[in-house]
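Shown next, in structure tokens, is the structure this report addresses.
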Amino acid sequence: MTTEQTVIAGLEEIYDTLALTIDAAPEDKRELLLAKVALLLAHEIRDPQRVIDLIGRAASSMQNALTQAN
């Protein structure tokens with residue numbers, strides 16, 4: 001397996017775990033769960049500006065997906 005394949009496989013595992021965890025959470029607690037995940041990851045990264053940039057990228061990606069869907 002190449003490094004890129006390993007990275008992709010890791011991302012797929014993260015996506016699957018996150019999706020299953022979100023689905024298992026009570027609907028009214030999902031936003032809280034995502035906020036807690038984001039804060040725990042931010043704590044691990046220890047670079048506030050990097051985290052802020054990544055949040056912006058995620059928001060842009062979501063907006064682009066919504067625009068393309070319409």
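Taken together, the values in this text are just the output of simple stated rules run on the coordinates, not laboratory data. Since this is a predicted model, take the numbers as computed values, not measurements. Here the Cβ is made from the backbone with ideal geometry for all residues, glycine too, and neighbour counts use every protein chain on show.
A few remarks follow.
- When the helices of the chain are scored as -39500 (n - 2.57) per DSSP H run of n ≥ 4 and the total is divided over every residue, the value at 222 nm lands at -29500 deg cm²/dmol.
- Projecting label points 7 angstrom from Cα along Cα→Cβ for Asp53 and Thr6 puts them 2.4 nm apart.
- Taking the inverse of the mean reciprocal distance over all distinct Cα pairs, the Kirkwood hydrodynamic radius of the chain comes to 14.1 Å.
- Distance between the pseudo-spin-label points of Asp28 and Ala69 (7 Å out from Cα toward the beta carbon): 2.5 nm.
- Span-like helix ranges in the chain, DSSP H, alpha carbon extent 30 angstrom or more, Kyte mean at least 0.0: 3-24
- Inter-label distance, nm, simple model (7 Å from Cα along the C-beta direction), Ala42/Thr17: 2.1 nm
- Highest-first arrangement of 59-67, 27-35, where packing means the average Cβ count within 10 Å: 27-35, 59-67
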